[in-house]
Amino acid sequence: MGQSITQKIIAAHQMGGSMTAGEAVDLRIDQTLTQDATGTMAWLQFEAMDVPRVKTDLSVSYVDHNTLQMGFRNADDHRFLRTTAQKFGAVFSAPGTGICHQLHLENFVKPGVTLVGSDSHTPTGGGMGALAMGAGGLSVALAMAGKPYTIPMPQVVRVWLEGELKGWASAKDIILYLLGKLTVKGGVGKVFEYAGPGVRKLTVPDRATICNMGAELGATTSIFPSDDVTKAFLKAQGRKADWMPLQADADAVYDAEIIINLDELVPLAAQPHMPDLVVPVAALAGLKADQVAIGSCTNSSYADLRSVAKIVKGKRVSESTDVCMSPGSKQVLQMLADKGALAHILQSGIRLLECSCGPCIGMGGSPVSAGVSVRTFNRNFEGRSGTKDAKAYLVSPLTAAMVALRGEFSDPATWGKAPKQPSLPKHVPSIQHLFVQPASAGEEVTIMRGPNIVPLEKFPPLAKKLDATVVIKLEDNITTDHIMPAGATITALRSNVPAIAEHVFERVDAEFVQRAKAAGNGIIVARENYGQGSSREHAALAPRHLGIRAVLACSLARIHRANLVNFGIVPLTFVNPADYDKVPADASISIDTDKLLPSANMNIQVKGVGALAVTNDLSEQEVAIIKAGGLLNFVKG
């Protein structure tokens, strides 16, 4: 029996476990990436392991999230990250160089490698044929230390692409179509592997866009083959030697298949406040837009922004619409300037922002109160833009450009002829010289720390019996943005857990922190897909600091579930989801944690209700990690 691309890469990197779907498999990791919002904590954790040098083939520390230097906090973190990278053997990318996923695609990722990053959109590298996965910072730190990265062996879904994109439809519309079809939890436990004749018509940036936003499906990752298109991209980047062919075997067997006819796709938009609330753009015709924001790790490539430049050339964006653009990298910005496209963008009235994440995480560029914001980003969660009552719509750069010109959504049938997709110039400017290389003698480097960088907290082992209080009861699809909000003020506290913990759930329940502290030991109860979204481990670490010891839900998102385990929080699910309704919002619960066994049912005692059956999908090692008080305790013994 032949193998899929996913199976080939996993088999080549397997260090232990089983390749049976659903069972734990241990992977050797070739590359890692961190970004500053999660990286400071990850490097503190790596430092605590007493490993003198990273053991991966390549580790890169990017600064792209907290680039607003209001006060000393972010600037101190950037200095810390530069000196830790130099000391421990990682490449450092300074603020303003670009967005980690765009930069990694341009400069470092290779077909066939394994990559884990402390950002949920690390699967962007799948556009190059890499097995690229998002993870919590502690998991990435362990990978840098040479430890295996363990995942449940995923099911592999083949997405067969037929035909060719027509008119104004673009790669963004492919992934929006899938989200509308499968929902934000439709990819849990799965890898989406793209194949078919339609793949040959998609550029590497197209493929990267699709893989990037596959994270919104809850997928482990997404991946494309490495073919002549990949080879041409790497050649243009001056990296032809990094290319290798990678295809699924003709007789590969998949767990499921989805067929998409690209000929039939039309421009789509995701409505507030979930990426799966997808409708045709034509259905929104007449809806006024207060803001258009173009960029993010999903759609900030040269091709994306050059297409926007073609559309706005010689025109003025709507006077009633604030339009901003964040290029994905200085390489992208340089190519736009070299081709004269930057002048068209500036002359149109579009605001040019730094090469960074920016408005995508509410780091500047927030829309007006109750405003409609049209974004080429990957998430439109409530409040993520930095304006709680704003309504964010997710679209392609082509759609965003037309909304910017007209100041409102309109029927694509009225847009005229779509611009031809630009290809990379024959000579792509290199920005490799902008990366700070690690010191040859790392032991001579002094790590620079600011006063906002607080030492790691040591958590005690799990007691044999846990008596705790339900501190909050939540509905479906609670995101990590709900748990640990982003934005300029809060994100600046990522290296200070006691300080950032004061903001847990503040946009959902302003009294949560006070109740959690009063409870001593707390439990969070939720419905389906708890913890979807970002890989930010602070959404587990900060609640653990406040005394949260267990999460009881109908289902859990993959990365957040792993982060709960990493910090010794017990992740449990209801055997009968209807039991969610039986648990009072302030219930007292007793859990006999001494009897916590891998992938086993057990009863918990809910005061005033009685016994309720719960279960887990933990491995034997994960149970040991939780009982040790977290992964760092477990590793250090």
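Say we look at the stretch 41-68 and pick out the residues that are among the β-branched types (Val, Ile, Thr) and closer than 30 Å to THR489 by Cβ; which of these is modelled with the lowest pLDDT? Step by step, filter the stretch 41-68, then rank; the result is THR67. Which condition does THR376 not pass, out of (1) touching a Ser or Thr at 6+ places or on another chain (Cβ under 7 Å); (2) surrounded by fewer than 24 Cβ atoms within 10 Å (Cβ to Cβ), if it passes all the others? Just one mismatch for THR376, condition (2). For beta carbons closer than 6 Å, sequence separation of 6+ or different chains, a first residue in the stretch 458-476 that is touching a residue at least 24 places away in the same chain (Cβ under 8 Å) and under 30 Å from LYS636 (Cβ atoms) and a second that is polar (S, T, N, Q) and outside any loop (DSSP other than H, G, I, E, B), the qualifying pairs are LEU462/THR593; LEU466/THR593; ASP467/SER590. Once the stretch 188-233 is narrowed to residues that are farther than 28 Å from CYS554 by Cα and among the hydroxyl-bearing types (Ser, Thr, Tyr), the residue that is surrounded by the fewest Cβ atoms within 10 Å (Cβ to Cβ) is THR203. Scanning the stretch 118-150 for residues being touching a Phe, Trp or Tyr at 6+ places or on another chain (Cβ under 7 Å) and of a type in the set (Ser, Thr, Tyr) gives a total of 1. For ASP581, the requirement of being over 25 Å from MET153 (Cα atoms) and assigned to a loop (DSSP other than H, G, I, E, B) is not met. Only one entry in LEU398, LEU342, LEU346, LEU333 is in a helix (DSSP H, G or I), closer than 20 Å to HIS101 by Cα, not β-branched (Val, Ile, Thr) and not assigned by TED's automatic domain parsing to the domain that holds ASP173, namely LEU333. When you check GLY22 against the structure, is it surrounded by 24 or more Cβ atoms within 10 Å (Cβ to Cβ), at pLDDT below 95 and not β-branched (Val, Ile, Thr), yes or no? The answer is no for GLY22.
Suppose the filter is farther than 18 Å from ALA42 by Cβ and at pLDDT 95 or above; does GLY146 pass it?
No.
Being part of a loop (DSSP other than H, G, I, E, B) and hydrophobic (A, V, I, L, M, F, W, C) is the filter here, so list the residues in the stretch 415-444 that pass it. Scanning the stretch 415-444 gives TRP415, ALA418, LEU424, VAL428, ILE431, PHE435, ALA439, ALA441. Selection of the stretch 606-633 for residues being more than 26 Å from ALA542 (Cα to Cα) and touching a residue at least 12 places away in the same chain (Cβ under 8 Å) yields LYS607, GLY608, VAL609, LEU612, ALA613. So is GLY416 surrounded by 19 or more Cβ atoms within 10 Å (Cβ to Cβ), at positive phi and either without any contact (Cβ under 8 Å) to a residue 24 or more places away in the chain or among the small types (Gly, Ala, Ser) (or both) or not? For GLY416, the condition - surrounded by 19 or more Cβ atoms within 10 Å (Cβ to Cβ), at positive phi and either without any contact (Cβ under 8 Å) to a residue 24 or more places away in the chain or among the small types (Gly, Ala, Ser) (or both) - is not met.
The values are calculated or read from the model by the stated rules, or taken from the named source; none is laboratory data. What you see is a predicted model, and the numbers here were worked out from it, not measured in a lab. Cβ sites come from the backbone with ideal geometry, for glycine too, and all protein chains shown count toward neighbours.
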